[in-house]
1. Mind giving me the FRET efficiency for Thr137 and Leu77? R0 is 45 Å, r the Cβ-Cβ distance, nearest 0.05 is fine.
2. Roughly to the nearest percent, how much of the accessible area of the chain is carbon and sulfur, given a 1.4 Å probe?
3. Please work out the average accessible area per residue across the chain, using the 1.4 Å probe convention, and give it in Å².
4. Specify which labelled value, from (1) 10, 37, 26, 16, 9, 3, 0; (2) 9, 28, 26, 17, 12, 6, 2, 0; (3) 10, 37, 38, 12, 3, 0, agrees with P(r) over Cα pairs in 10 Å bins from 0, in percent derived from the coordinates of the model shown.
5. Considering the zone a paramagnetic label at Arg15 would reach in this model (a point 7 Å from Cα along the Cα-to-Cβ line), which residues of region 79-100 have amide N under 17 Å from it?
6. Ignoring everything except DSSP H segments at least 4 long, calculate the 222 nm mean residue ellipticity for the chain; use -39,500 (n - 2.57) per segment, divide by total residues, nearest 500.
7. Using 10 Å bins from zero, what percent of all Cα-Cα pairs in region 70-148 falls into each bin?
8. How tilted is helix 36-52 with respect to the longest principal axis of the chain? Cα atoms for both, answer in degrees (0 to 90, nearest 10).
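The values are calculated or read from the model by the stated rules, or taken from the named source; none is laboratory data. Because the structure is predicted, anything quoted here is derived from the model rather than measured. Reconstructed Cβ throughout: ideal geometry from the backbone, glycine too, with neighbour counts over all protein chains shown. These accessible areas exclude ligands, DNA and RNA; they are computed on the full protein's heavy atoms, side chains included. Shrake-Rupley method; radii C 1.70, N 1.55, O 1.52, S 1.80 Å.
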Amino acid sequence: MTVLNPSAPRLRPPRYRVDPGARRWWTVQALLTVTGPAFLVALTMTTLSLLFFPGALRWLGPLLLGVLVLPGLGYLLIMPPWRYRVHAWELGEHAVYSASGWFWQRRRITPLTKVQTVDTVIGPIQRGFGLATVIVTTASTAGDVRISGLALDEANELARRIGEAAAVEEA
């Protein structure tokens, strides 16, 4: 069994946070993908129960509240600020460092010598908030490095800087 050295330096979080508008973007995403559909199902089941099975509402109401409404509301209220605290990035002299996730958190350090492509992606909801995602593609089996929730100008500048730094590293 390997024992980690307690006196070894710890990996610090990346220096730069994503744009504060990312919280609003993640809130809208939560409404469209989790909370909104959960509320819609709960409302539909409640309405159908009232119309066709009024006696079932005594047990169906608490069930819907516990299974759909409260978890959906919790996701809507907890996920965006939690993700904002986790998501960060940094471009160093030799690597791109990113932290992402909320429940399952991931930190990745990608050497600039391994960068193959750098893309800036803007989804329809992101566009409304002036945000973008920078995707750094490498040959790694771990997948792409994604830095989401950046202001559009900041994303374009970061993509340009990573591209330039990767080209210099290869030369």
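1. 0.85
2. 64 percent
3. Accessible area per residue, the chain: 62 Å².
4. (2)
5. Residues 88-99 qualify, since their backbone N sits under 17 Å from the label point.
6. The helix contribution divided over the chain gives -14000 deg cm²/dmol.
7. For region 70-148, the binned pair fractions read 17, 42, 31, 9, 1 percent.
8. That works out to roughly 10 degrees.
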